[in-house]
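A.B. asks: My questions will all concern the structure given below.
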């Protein structure tokens, strides 16, 4: 019944070396920036890239949070490529150790980065002398820096084209088979033939994945391969529609389970078509060029940019006007985005990288327009488009000192959009700045928010850069911008003065760019696609932490360089009135048992085991009154990051898998089986959908709910009151596995927190709305209605008060509590035992205008709604409980008397101790303390308190037995950041520290050094500095980061990510 979700789950590393992901919807409610400072220099990365350039239009993939792989190129016109690794933190490059083939295969070698499985980067690679020999799958293992052959194509004369990963398999379109499949686990490769019509195979070109299916071309029509049925076919609705060459990355897009592409038929010409893998249907999305006219020419570009649930693309209407258009995958609608109304406009940022979305949602558009009526001459521009109001404009400051072409009036020279980074655009232009005087091609960085432009020296530090010789995509990460130059046959003084001469890999560090530490790359990221990111990952690039304001001019925090002495003024007023909430997902109390996660990720359970809920594989009546010495077996190398339970237990593992065990009488384990109770985690996780993982889970007596990594919410188990939220019949149909269709939370909405009550469910959405559904016998849905159950989320959220949103929610048996974005706590529903905390005993069917009185100036950071009682952690770390007290579950040490409001005296957790997690269900309550101890109180009939005693109820907290250190991280979740009066100055002393990456909170900052040490400074009000010193609340003292003072992460341990 404890709310779970938010920051620590949504941003948890996927593997041991992954950094934070900016995919999290909760970040969107607390946008902010950090400043990356450089020194406005260009250089060639040391090592292999000093002599090699890198190839354009090919794959770039991140193998960790600081290393990328790319195709090195030995010369400007060479077709010989070499695999090169580049560490953007220490700015070094090298050639990995190659096993079994040449480091640099001969001309025409055909390769592509496919993806990563178990840390190994898979590459489609030709180790021979041409594209028709010995094509194979190779792998790069970063642990030993080796590049080696894994499997060759069965037919040595075959050629692999498009490739895609689903699960543990790689699917390939080849010239000589219908489909070729490689399984990573057993390292085998095989062909499938004659599975479609005689003229149908997946095709050499344009293979990709959409949902749980593979797409390609079959005799110029859409081909779909279903791995589940091993069938290859063209959807019936596409039988007369040609796709020709329209499945390339610049002519198609995958968004969720939908594939967008250009389809041609004799009636409508070439128009936008959509294929949906969930129901195997396809349709024409819109007749943009009305009638038989086509929205694209034969080789016209679609050039998609993904933004949330929408895709921005270019197309031409029947008046021959080229413009940008939107497609929304939620309602399948299409509409015109811009109104350039110019038949001669061409969107031409660089190659097909034409536009990118800034952190503030504005779209930067690179285009060129004909000079008057003379279409032989064009001028280049960059425009800006605001989707919220449809306006399009240009920024005059952007063109300052740029070359005028002279072809027409008011032309603006060769200015091209190359990349976006936070709210900054990166481009190239002929600019007259620096020495020698004259218009030479340079890089520029223009910050839209403050209208400032920074300009590099001539490209590659050339003496004269008469030509725009940037030949690759520009990659943005860390404190610099990375790109390739190809000088051609120009005179020497126009070629790069750094790197390998005519072919050079060059980096540029602008003076300062406002970005966000969430832009750290993670293993598997593709950096080689459109401006917005190769896989759409970077479509919202600046959201994240709170603003830092330098209180002294010239303050520097330079990634990779020595730190200057800095004093930062933390601007708490920027989030005045906002609140934070603990993620509260490391501890869970079931009906008569308890589970908790240790600081190393181990999971242990104790108490009642009648249904196997302890997960130890033991006898159903082998109850435990202390935590066992052996942790639950979650699978080899696996640890737990979140859990929830009732008579069954569910845990999210560190790889995002979800496993459940225990009572299964209504299918609540989600295993799709015959409702058989299990006493240990299965080797097979719950099937959440192809490629999907869990970021939050909540359970109650009859059902389980999970938030997926894409924000979808799915529930399964019993549905007699509509608590599964699928809008089915009344009573609904029980489900023994997650549905393929997520709960409809509203157009474009996703879930960031979920809590399952006894017969109802509540979820917080990505915009802070709270919605509840299911049973409403006592008003627990909070809709103010007639206590009528609902079968799906309402279109109207719970009314929390004017302008208020929710940051945490907990659903009890028949009541619900929520923490609001200002720290208020409100409860509604059943109140017979005083569990609403309002001082009365009357049920309410909506949140009161008055919050629960937690004490003068106090706010809530975590809440748990039990059966008939409620507990909350306050912003000072104290814990208060109220409601039913038959077994001492309020922890007040009193006379087992119910209370209908929080006491003035908090629960006694021990001298100086505070709570970081709390959970309550039926008759007992448990808390994890700030020092990693756990304490429980209340009912103990099955040993659920874990104190090793005689199963005697306890009215005050007792220590859980054993030498366990429980996970005491709070995982601050966000409606935003913490409210505090600590507007003090904090100084970082110069101490020979080189920073690898940093993360800022409202009142503290942490940095990982290149040596892997974690150092934190600022307010230590809640122990966030990790140094055991503590900073008294509201002290306003300076905290100096001294040389050698680091957070103790354990013997031999280093840090790879922080938040």
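Read the figures in this text as sums done on the coordinates, not as results from a lab. Note that the structure is a prediction, hence the values are computed from the model and not measured. Virtual Cβ from ideal backbone geometry, glycine too; neighbours counted across all protein chains shown.
A.B. asks: Tell me, what is the Rg over Rh of segment 187-291, with Rh the Kirkwood radius over Cα pairs? Before the final figure, lay out the partial values.
C.D. replies: Numbers: Rg = 13.5 Å, Rh = 14.0 Å.
Here Rg/Rh amounts to 0.97.
A.B. asks: If you take all C-alpha pairs in segment 439-480, what percent of them are over 13 Å apart? Each step should come with its number before you reach the end.
C.D. replies: Working: 542 of 861 pairs.
The calculated P(r) of segment 439-480 puts 63 percent of pairs beyond 13 Å.
A.B. asks: Please give the direction-averaged projected area of the C-alpha convex hull for segment 643-796, in square nanometres with one decimal.
C.D. replies: Working: hull surface 34.0 nm².
That works out to 8.5 nm².
A.B. asks: So what are segment 805-941's ellipsoid semi-axes, whole angstrom, largest first, if each one is the square root of 5 times an eigenvalue of the alpha-carbon gyration tensor?
C.D. replies: On the way: eigenvalues 85, 62, 32 Å².
Semi-axes, largest first: 21, 18, 13 Å.
A.B. asks: Continuing with this model, one more query. May I ask you to compute the full-extension gain from residue 319 to residue 904, defined as 0.36 nm times their residue separation minus their alpha-carbon distance, rounded to one decimal in nm?
C.D. replies: On the way: separation 585, 0.36 × 585 = 210.60 nm, distance 7.29 nm.
Length gained between residue 319 and residue 904: 203.3 nm.
A.B. asks: Still on this structure, I have one more. Efficiency by 1/(1 + (r/R0)^6): what FRET value for residue 896 and residue 733, r their Cβ-Cβ distance, R0 = 56 Å, to the nearest 0.05?
C.D. replies: Working: r = 42 Å, r/R0 = 0.75.
For residue 896 and residue 733, the calculated efficiency is 0.85.
A.B. asks: From the Cα trace of segment 638-677, what convex hull volume per residue do you get, rounded to a whole Å³?
C.D. replies: Values: hull volume 2.5 nm³, N = 40.
Convex hull volume per residue, Cα atoms: 62 Å³.
A.B. asks: Right, next: Compute from the Cα atoms of segment 735-812 the Rg and the Dmax, the latter being the longest Cα-Cα distance, and quote both in angstrom.
C.D. replies: Calculated on Cα positions, Rg and Dmax stand at 12.2, 40 Å.
A.B. asks: If I take all pairs of Cα atoms in segment 232-312, what percentage of them are more than 15 Å from each other? Could the numbers behind the result be given before it?
C.D. replies: On the way: 1764 of 3240 pairs.
For segment 232-312, the fraction of Cα-Cα distances above 15 Å is 54 percent.
A.B. asks: Using the alpha-carbon centroid of each, what span in Å lies between segment 922-939 and segment 712-731?
C.D. replies: Spelled out, the Cα-based centre of one part sits 32 Å from the other.
A.B. asks: So between residue 687 and residue 391, what do we pick up on full extension, going 0.36 nm a residue minus the alpha carbon distance?
C.D. replies: Values: separation 296, 0.36 × 296 = 106.56 nm, distance 4.40 nm.
Once the chain is fully extended between residue 687 and residue 391, it gains 102.2 nm.
A.B. asks: Describe numerically, in nm with one decimal, the distance between label points set 7 Å from Cα along Cα→Cβ at residue 630 and at residue 118.
C.D. replies: 2.4 nm
A.B. asks: Right, something else. First measure r as the distance between the Cβ atoms of residue 248 and residue 278, then evaluate 1/(1 + (r/R0)^6) with R0 = 22 Å and state the FRET efficiency to the nearest 0.05. Mind dumping the intermediate values first?
C.D. replies: Values: r = 24 Å, r/R0 = 1.09.
Calculated transfer efficiency: 0.35.
A.B. asks: Arrange the peptides 893-899, 82-88, 702-708 so that the one whose residues have, on average, the most other Cβ atoms within 10 Å appears first. Intermediate values should be presented prior to the final figure.
C.D. replies: Numbers: 893-899: 13.7, 82-88: 23.0, 702-708: 27.9.
The densest-packed peptide leads the list: 702-708, 82-88, 893-899.
A.B. asks: Still on this structure, I have one more. Please list, in order, the residues from segment 888-914 whose amide nitrogen is less than 13 Å from a point placed 7 Å along the Cα→Cβ vector of residue 956.
C.D. replies: Only 891-895, 907-911 pass the distance filter.
A.B. asks: Work out, step by step, the length gained on full extension between residue 842 and residue 194: first 0.36 nm times the residue separation, then minus their alpha carbon distance; give nm to one decimal. Please list the in-between numbers first.
C.D. replies: Working: separation 648, 0.36 × 648 = 233.28 nm, distance 7.02 nm.
Contour length minus the Cα-Cα distance gives 226.3 nm.
A.B. asks: In whole angstrom, how far apart do the alpha carbon centroids of segment 583-646 and segment 273-294 sit?
C.D. replies: Centre-to-centre distance over Cα atoms comes out at 50 Å.
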